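Q: A single structure is presented below for examination.
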Amino acid sequence: MVARRRLGSIALTVAEWSGVVLFGILGLLIVAGGIMLAWVGDPPEPMGSGQPAAAPEPTVVAPTVAFVREVPPASAEERKSLFAPVYDVLVSPRCMNCHPAGDRPLSDRFGVHAMNVSRDSPQAGLSCNTCHAEHNTELPGSPLGPPGAHGWQMPPKETPMVFEHRTVTELCTQLRDPAQNGERSLDKLLEHVSGDALVLWGWKPGGDRAIPPMSHEAFVTSFGAWVEAGGICPGDPVVPESTADTVETP
Ligand code: HEC
Ligand code: HEC
């Protein structure tokens, strides 16, 4: 009985060892394959090409895929509203990344901001300008330099000013609501989008970040037209035109 049990245990050990050896070989093959692939993808400079030695390209660590943010589909009425062009800018990545539905800023590269940064980070002792300066920090050869502008931060928790996942109508009514927009009148909003450093940054974002879909000037013009119309939103009851000046004369 004892011998058979020992035999059994030895047999198991042999099986285990062959398993270990097999996996070891497999592991080595994967590592070797990886090294070869990396080498093929980045072959050493040919020698004696007669060109001056160039500095080695810094390695870009970013994945090449940018995250595309989906916006809720707009109805025909929403599309032709005065707010529609304003909306297109607000939900562009340059604005939405700091105006997310959650507490973490968004990133074109990583979906959400790396390093667990959130609305709470400054209170937790990690202020945004630990990494974000007054100007974009360009890392030569990499699009991942931290962008920067004066007062780099997220909207506060009490009024999170969410642009993400909002329909045209929802964002329109939210934006004109002083309880949600930081107690701003329509004119103050226009002032903000005309000259605020974080808004202006959207058109000089650094790295390979895309700018909003229209010029800043066109954006301010559209915003002004919306303000001029009293901040009208799709679905608002249309105020009937005064009949006073169209009284029919016999
Ligand atoms: C530890 C350093 C660090 C801290 C702290 C930090 N960031 Fe960043 N941030 C970076 C780096 C590096 C990048 C560039 C990489 C990238 O584009 O995702 C970046 C990029 C961004 C982007 C642009 C992303 C894009 O794709 O357009 C936004 C927006 C942003 N940060 C907001 C913030 C806010 C708001 C805070 C504070 C709540 C903050 N960051 C705190 C390092 C940091
Ligand atoms: C780095 C982060 C950041 C970026 C990028 C950013 N914002 Fe903001 N935004 C803020 C903060 C913070 C506030 C709140 C400021 C305050 O209340 O004093 C704010 C407030 C606003 C407001 C006022 C009130 C409201 O309800 O939203 C508007 C409008 C606005 N941003 C538009 C934009 C537009 C347009 C862009 C893109 C061109 C943009 N923001 C990009 C951080 C950002």
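The values are calculated or read from the model by the stated rules, or taken from the named source; none is laboratory data. All figures in this text were calculated on a predicted structure; none of them were measured in a lab. Positions of Cβ are generated from backbone atoms using ideal geometry, with glycine treated the same way; all protein chains shown enter the neighbour counts.
Q: Could you check ARG184 against (1) surrounded by 13 or more Cβ atoms within 10 Å (Cβ to Cβ); (2) touching a residue at least 24 places away in the same chain (Cβ under 8 Å) and say which number it fails?
A: (2)
Q: Which one of these is part of a loop (DSSP other than H, G, I, E, B) and within 14 Å of ligand 1 (Cβ to nearest atom): GLY206, GLY231? Show your work before the answer.
A: Details: GLY231 fails: within 14 Å of ligand 1 (Cβ to nearest atom).
Just one listed residue meets the conditions, GLY206.
Rundown of residues vs (1) crowded, with 17+ Cβ neighbours inside 10 Å; (2) more than 7 Å from ligand 1 (Cβ to nearest atom); (3) not in a helix (DSSP H, G or I), yes/no style:
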site: VAL68; (1), (2), (3): no, yes, yes
site: GLU78; (1), (2), (3): yes, yes, no
site: SER121; (1), (2), (3): yes, no, yes
site: ALA124; (1), (2), (3): no, yes, yes
site: GLU134; (1), (2), (3): no, yes, yes
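Q: Given the criteria in the same structural domain as VAL86 (by TED's automatic domain parsing), modelled with pLDDT of 95 or more and within 13 Å of ligand 1 (Cβ to nearest atom), does MET154 qualify?
A: Values: in the same structural domain as VAL86 (by TED's automatic domain parsing): yes; modelled with pLDDT of 95 or more: yes; within 13 Å of ligand 1 (Cβ to nearest atom): yes.
Yes; evaluated as a whole, the condition is true for this residue.
Q: Could you grab me the full set of residues in segment 151-173 that are touching a helix residue (DSSP H, G or I) at 6+ places or on another chain (Cβ under 7 Å) and surrounded by fewer than 16 Cβ atoms within 10 Å (Cβ to Cβ)?
A: Scanning segment 151-173 gives GLY151, GLN153.
Q: Here is a check on your reading of the model: is ASP177 more than 27 Å from ALA124 (Cβ to Cβ) and free of Cβ contacts under 8 Å to residues at least 24 places away in the same chain? Write out each step before concluding.
A: Values: more than 27 Å from ALA124 (Cβ to Cβ): yes; free of Cβ contacts under 8 Å to residues at least 24 places away in the same chain: yes.
Against the criterion (more than 27 Å from ALA124 (Cβ to Cβ) and free of Cβ contacts under 8 Å to residues at least 24 places away in the same chain), ASP177 qualifies.
Q: Take the conditions closer than 30 Å to CYS172 by Cβ, within 6 Å of ligand 1 (Cβ to nearest atom) and out of contact with any strand residue (DSSP E or B) (no Cβ under 8 Å at 6 or more places or on another chain) and apply them to VAL117. Does it pass?
A: Numbers: closer than 30 Å to CYS172 by Cβ: yes; within 6 Å of ligand 1 (Cβ to nearest atom): yes; out of contact with any strand residue (DSSP E or B) (no Cβ under 8 Å at 6 or more places or on another chain): yes.
In short, yes.
Q: So, one more: Evaluate segment 112-129: report whether one residue or more is basic (Lys, Arg) and within 11 Å of ligand 2 (Cβ to nearest atom).
A: The first filter runs over segment 112-129 and keeps only residues basic (Lys, Arg), leaving 119.
Among the residues that remain, those that are also within 11 Å of ligand 2 (Cβ to nearest atom) are: 119.
So far as segment 112-129 goes, yes, one or more of its residues are basic (Lys, Arg) and within 11 Å of ligand 2 (Cβ to nearest atom).
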